[in-house]
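Colleague: Would you mind keeping the following structure in view while I ask a few things?
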Amino acid sequence: MHYLTLVKTLFMSLVVLSGCTPDPGLPSDGSSRSTAKPITYSFTLTQSEFDQLSPEDQYMVVNKAMSTFMRGMPADEFFDTSQGLVSPVVRDVSSWTRLQTQLQTPLTSEELLLNEQLVFGFPDDPETTEDDSIPALFTSFDDNQPHQIYVARFLGYPLSHDQFSHWMAYFLANTIMFSPAYEMESTDHQDISRTLGYLQTHIDSGSSVQTVIRGWLHNLSRWRVSRSAENHALEMLELYLGIFNDSEEEQQNTINGGKACAPWSLTDASDNYQLDKDPLIVEGVKAYRVFDQYVSTCDELYDAVVGHPNLMPRVTEVIVNYFLDGSSAEIKNSLISDIVRTGPQTFDDIFLSVIFSEAFLLYSERPKTFEENAFGFLGAMSWSPRSRQWPIDHRTLQTVFHRNSSASVALRAKGWAPMEYKIGRTPFVPLDVLSFASYHKGIRESILLNTRAWDGERYPEESDFTEAAEPRDAPFEIKHGAFYQAGTENLKQTLEDLTAEEMIDYIFLSALGRRATEDEMDTWIAEGLERYMVEVDEDGNNIMRKTNGDRFWEYYTDDYAEIILDYITRLPEFYYYRAVTQ
C-alpha cells in the first residue's frame, strides 16, 4: 500500500476508534481500542469524585496528573470554548476515566508503525513517483545519549500504554533503583541503552516487579554501578529492601551476601568493565546466613531479595517519595500502605495508583520539576516540535536532554541531568541558587516568553505541501497552536468568540490551573487597552484587537499573552503543584 494512503487509512481508523480527531504528534490523546479499567481504589480519585470538583479544578487536576509524565491538556480541548469561559462546560464528561484507560491501552501494531514513522521520520521511496517522505518530529539524536529515543517516544506517541511504558522506564532509570550512573568511570552510554531497553521491554510486556528486579540484579549495568561483590550485596539490600547497615545483624547480612557472590567480579578498565566469574571459586560449597535463611550462591541471594516482604513496600516508597515530596511521613506511609494492600503486581499498578491518588492530586503541594513544568505547560499550549522556533523545536532532545547542552533549557544546569547520577535524581527538586536560577531563566525566556514556539504561527500548514514545487498532501496531521491556526496569525475557531476577559482566563488556566483574580483581571484589561492589544466592540465588550487587510489577523494575541506570562513566571505558585483541598 502507498505509504501516504496507509497514513490516511490509519488516521481514519483512529478517528473511528477514539471518537475524535487524533494527532499522532505531540500532545495527541488519540487511543486504540481499550479494555482497560479505571482506577477505583478507596484512596484514588474516581470519576464521580472528580465530577464533584469545579470545572476549573477538574482542569487543574487533569494537568497535574498529565504533567507528571510530561504531557498537558489544552484548555480548549478540555472545555467547550464555543460556550465561553464564564461558566465553562467540560467537553467530555468521562475525561477522567478516559485518561486512566488510555494509559493502559496498547497501540495496535499498525498504530505503532504509524507513530514510529511520524516521530522518527520516513525517507522517500525512490521506486514511487510520489514523495512518500515524512519529516521527523524530532532530530539531532546522539548515539551516546540513547535515552533521547525513549524521550522522543513518550513525547511523540499518543497517550497509550506504549507512551506510558517508555515514560515509566525513563522515570525508573532516574531513580536510585535503576540509574545507569553515567557519571561513573565504569559506565558508558551502553548502560543507558541496556537499562532503558530492559525496563521498557519488561514493563510493556507486563512483567511483575519481582521479575523485573530479579533479572536486573545480575545485569552487567547493575554490576558496573556496584562494582564489587560485597558492595553489590550491600546495594541490593539498601536499594530494593530499604535495609541499611544500621545494626550488627544488617552488617553481617551484607558481609555474608558478598561472600555468596564472591565468584563474581567486575574487570578493570583495560577489559572494559565486564562481569567475570572466577572458575577457581566453587559455588554452593558453603552456605551463609542472610536474614532468616541460608544462601550459598549469588542466585540464591537474588531470590532471597525478591522474595523478601520488604520488596514491594520499598519499591513503592521510592516512587511515592518523588510524587509526595514535602508531604509528611505519615501521609507518605499511608499511601504506601494503601498501595501495598491492593497487591500490586507490576510497575503499572504502582505508578497508576500513585498518579491518580487523592493524596497526590488533591492534597499535595510540591515544586514541579523542570520537565513537569515545561512540558506540562507546552502540552497545555498545543505545542508541536514541528514549530520552527529554537530551542523548543525538532532539536528539543538535544537542547533539553543532552548532557553537554549549553542551552538555557538544558536539564544538566538544573541539577536534574537524566541518567547521570549514581543515586539517581533526588526525590526533591534542586532549588539551590544556581539550579533554580537556571530553571527560572530557561522556562521564562525559552518557553513561556518564546511564544512563537507554541502559538501556531510557525507551525507547518497544508499549503506548505499542496502548494510546493511538487505538490502533495501533508504527510502528517496539521496541528494548530495555542492561539492561531497553523502557519497564520488567525485565531483558532475554538477561541474566536472569547472576550478579552475570557482570553485572560484562558491564559491563566493554561499556565496556572486557575482563573485570574479580580485584581489581576482589572490590571490586564487596563494594560491591554493601553497597549492597543484589546479593543472595545460596538456592544461595549472587551475583545482581542483585530487588524484590517485581506486576512483578518489577530496577531496581538501572542504579544498580549507574552506580557501576562512574564508576570506569571514571577509568581511562586507557577513553580509548584497546587492542592485542591487546603
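Colleague: Skip the ligands, DNA and RNA, and give the accessible area per residue of region 103-259 with a 1.4 Å probe, whole Å². Mind showing how you got there, number by number?
Modeller: Values: 5440 Å² over 157 residues.
Per-residue value: 35 Å².
Colleague: In square nanometres, what is one fourth of the surface area of the convex hull spanned by the alpha carbons of region 370-577?
Modeller: 14.2 nm²
Colleague: Then there's this: Hey, how much of the P(r) for the chain falls beyond 31 Å, as a percent of Cα pairs?
Modeller: Looking at the chain, the distances longer than 31 Å represent 52 percent of pairs.
Colleague: Using modelled backbone amide H atoms (1.01 Å from N, in-plane), which distant-in-sequence or interchain residues come within less than 5 Å of MET73's amide H?
Modeller: Those qualifying (amide H under 5 Å, at least 5 residues apart or on another chain) are ALA380.
Colleague: If amide hydrogens are placed 1.01 Å from N in the peptide plane, which non-local residues have theirs closer than 5 Å to the one on THR44?
Modeller: GLU358
Colleague: So for the chain, taking the charge dipole from beta-carbon charges (+1 Lys/Arg, -1 Asp/Glu), which of TYR59, PHE370, LEU431 sits furthest toward the positive end?
Modeller: The Cα lying farthest towards the positive end belongs to LEU431.
Colleague: Ok, one more. Which Rg and Dmax, in Å, describe the Cα atoms of region 238-316?
Modeller: Taking only Cα atoms of region 238-316, I get Rg and Dmax of 14.0, 40 Å.
Colleague: Let me confirm the definition first: pairs of Lys residues in the chain, 8 or more apart or on different chains, C-alpha distance under 16 Å. How many are there?
Modeller: 9
Colleague: Given ASN219, SER160, VAL295, which one lies farthest toward the positive end of the charge dipole of region 146-311, if we put +1 on the Cβ of every Lys and Arg and -1 on the Cβ of every Asp and Glu?
Modeller: My answer, from the dipole projection, is SER160.
Colleague: Applying the Karplus parametrisation 6.51 cos²θ - 1.76 cosθ + 1.60 with θ = phi - 60° to the phi angles of region 503-516, what ³J(HN,Hα) value in whole Hz is obtained for each residue in order, glycine and proline being reported as x?
Modeller: 5, 4, 4, 4, 5, 5, 4, 5, 8, 10, x, 8, 6, 5
Colleague: Now for a separate question. If I model a spin label at PHE428 and SER109 as a point 7 Å from the Cα along the Cα→Cβ vector, what separation in nanometres do I get?
Modeller: Distance between label points: 5.0 nm.
Colleague: Given the Cα-Cα distance of SER406 and SER42 and 0.36 nm per residue of separation, how much length would full extension add, in nm?
Modeller: 126.4 nm
Colleague: Let me ask something else about it. Skipping prolines and chain starts, which residues have an amide H placed within reach, meaning under 5 Å, of the one on PHE122, given they are 5 or more residues away or on another chain?
Modeller: ILE134, ALA136
Colleague: Given a 1.4 angstrom probe, I'd like the percentage of the accessible area of the chain that is carbon and sulfur, rounded to a whole number.
Modeller: Using a 1.4 Å probe with all protein chains present, the chain comes out at 50 percent carbon and sulfur.
Colleague: Let me ask something additional. Given Cβ point charges of +1 (Lys, Arg) and -1 (Asp, Glu) and nothing else, what value in debye, to the nearest 20, does the dipole of the chain about its Cα centre take?
Modeller: Around 1700 debye, computed over the chain.
Colleague: Taking just the alpha carbons, could you work out the radius of gyration and Dmax for region 47-103, both in angstroms?
Modeller: For region 47-103, the Cα-based Rg and Dmax read 11.0, 32 Å.
The values are calculated or read from the model by the stated rules, or taken from the named source; none is laboratory data. None of the values given here were measured: they were computed from a predicted structure. Reconstructed Cβ throughout: ideal geometry from the backbone, glycine too, with neighbour counts over all protein chains shown. Surface accessibility is based on the protein's heavy atoms, side chains included, excluding ligands, DNA and RNA. Shrake-Rupley method; radii C 1.70, N 1.55, O 1.52, S 1.80 Å.
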